[in-house]
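Novice: Before we start, here is the structure in question, set down as structure tokens.
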Amino acid sequence: MERDYDILEKLPDASMRCLTRVHGTLHVPKVLEELGKQTTNECLAVNVLTREIIARVNDKMARRALLIKHLRPAR
């Protein structure tokens with residue numbers, strides 16, 4: 001059974017804007033990546049029924065955590 005996913009954009013004021021709806025898990029990565037290239041805001045793919053986030057792009061917190069990890073001296 002294929003599920004539907006909303007592709008959302010998190011705006012600077014923390015509100016969410018629905019960009020599109022995608023049918024089927026296989027289409028999510030391509031659509032999410034293409035829409036993520038058009039903005040610097042975080043974009044999320046959310047299961048319509050469960051509201052579970054299955055993917056995200058332009059995630060500033062993940063990039064910050066990765067940067068901090070790389071900047072820490074090795075022990």
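Novice: So which residues in the range 51-64 are open to solvent by less than 60 Å² (accessible area, probe 1.4 Å) and modelled with pLDDT under 75? Spell out the reasoning first.
Specialist: Filtering the range 51-64 down to residues open to solvent by less than 60 Å² (accessible area, probe 1.4 Å) leaves 55, 57-59, 62.
Within the range 51-64, Ala62 is the sole residue that qualifies.
Novice: Residues of the range 12-50 being within 17 Å of Lys60 (Cα to Cα) and open to solvent by 50 Å² or more (accessible area, probe 1.4 Å), which ones?
Specialist: Pro12, Asp13, Ala14, Met16, Glu33, Lys37, Gln38, Thr40
Novice: Any residue in the range 26-45 that is on the phi > 0 side of the Ramachandran plot and either among the small types (Gly, Ala, Ser) or at pLDDT 95 or above (or both)?
Specialist: The initial filter retains those residues of the range 26-45 that are on the phi > 0 side of the Ramachandran plot, namely none.
Among the residues of the range 26-45, not one is on the phi > 0 side of the Ramachandran plot and either among the small types (Gly, Ala, Ser) or at pLDDT 95 or above (or both), which makes the answer no.
The values are calculated or read from the model by the stated rules, or taken from the named source; none is laboratory data. Keep in mind that this is a model prediction, so the values were computed, not measured. We work out accessible area using only protein heavy atoms, side chains counted, and drop any ligands, DNA or RNA first. Shrake-Rupley method; radii C 1.70, N 1.55, O 1.52, S 1.80 Å.
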